[in-house]
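K.L.:
Submitted below is the structure of interest, expressed as structure tokens.
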Amino acid sequence: MELNYLLERIKKINNFIDLNHSNRTDSEKLLLKSAKITEELWELYNELLLFLDFSRDWKPEFNKENLEKEIADILISTLLVSISLWIDIEKALESKLNKVYNRYNLN
């Protein structure tokens, strides 16, 4: 899938969230979306503990599909925040990748 296609789908999710929280200010909506990133990171962390077999005995077995879903959730949540802040994510990614490439002489 191309980035523009994904962004258009995530913009629809963003509009849905905004409509369902129409009683909140834009700042409150942004905080809700930002907090979701932390929640999703915690869920990814739990999946990584399962993957590394560092979890307690009562935890379920590692499932790669769950790990993939949590990574996708983090990306979606992060893109929701970027959309709310009117960030051109393609431009931001390109700029950051260029800096990383230059830092490590990957060009």
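K.L.:
What distance in nm separates the two pseudo spin-label positions at Tyr104 and Phe62, each 7 Å out from Cα along the beta-carbon direction?
P.N.:
Inter-label distance under the simple model: 2.2 nm.
K.L.:
Within the stretch 30-99, report the trypsin sites (Lys or Arg not before Pro) that DSSP leaves as loop and that have at most 16 other Cβ atoms within 10 Å. Mind showing how you got there, number by number?
P.N.:
On the way: sites: Lys33, Lys36, Arg56, Lys64, Lys69, Lys91, Lys96, Lys99; in loops: Arg56.
Taking the stretch 30-99 and a limit of 16 other Cβ atoms within 10 Å, the loop trypsin sites (Lys or Arg not before Pro) found are Arg56.
K.L.:
With charges set only on the Cβ (+1 for Lys and Arg, -1 for Asp and Glu), what does the dipole of the chain come to about its Cα centre, in debye to the nearest 20?
P.N.:
Here the size comes out at about 380 debye.
K.L.:
Separate question: Tell me the mean residue ellipticity at 222 nm calculated for the chain from its helices only (DSSP H runs of n ≥ 4, each -39500 (n - 2.57), averaged over every residue, nearest 500).
P.N.:
Using -39500 (n - 2.57) per qualifying helix, the result is -25500 deg cm²/dmol.
K.L.:
State which entries of Lys11/Lys36; Lys12/Lys33; Lys33/Lys96; Lys33/Lys69; Lys12/Lys36; Lys69/Lys99 exceed 20 angstrom in Cα-Cα distance in the structure shown.
P.N.:
Beyond 20 Å: Lys33/Lys96; Lys69/Lys99.
K.L.:
Cα convex hull of the chain: mean projected area in nm², to one decimal?
P.N.:
9.4 nm²
K.L.:
Further question on the same structure: First select every other residue whose beta carbon is under 14 angstrom from the beta carbon of Asp18; then total the charges, Lys and Arg +1, Asp and Glu -1.
P.N.:
After counting each charged neighbour, the total is +4.
K.L.:
Now, a different point. Which GluC sites (Glu not before Pro) in the chain pass both tests, a DSSP loop state and at most 12 other beta-carbon atoms within 10 Å?
P.N.:
Glu2, Glu61
Every read-out reported here was derived from the displayed coordinates using simple, explicitly stated rules and does not represent laboratory data. Values in this document were obtained by computation on a predicted structure and should not be read as measured data. Note: ideal-geometry Cβ built from the backbone for every residue, glycine included; neighbour counts use all protein chains shown.
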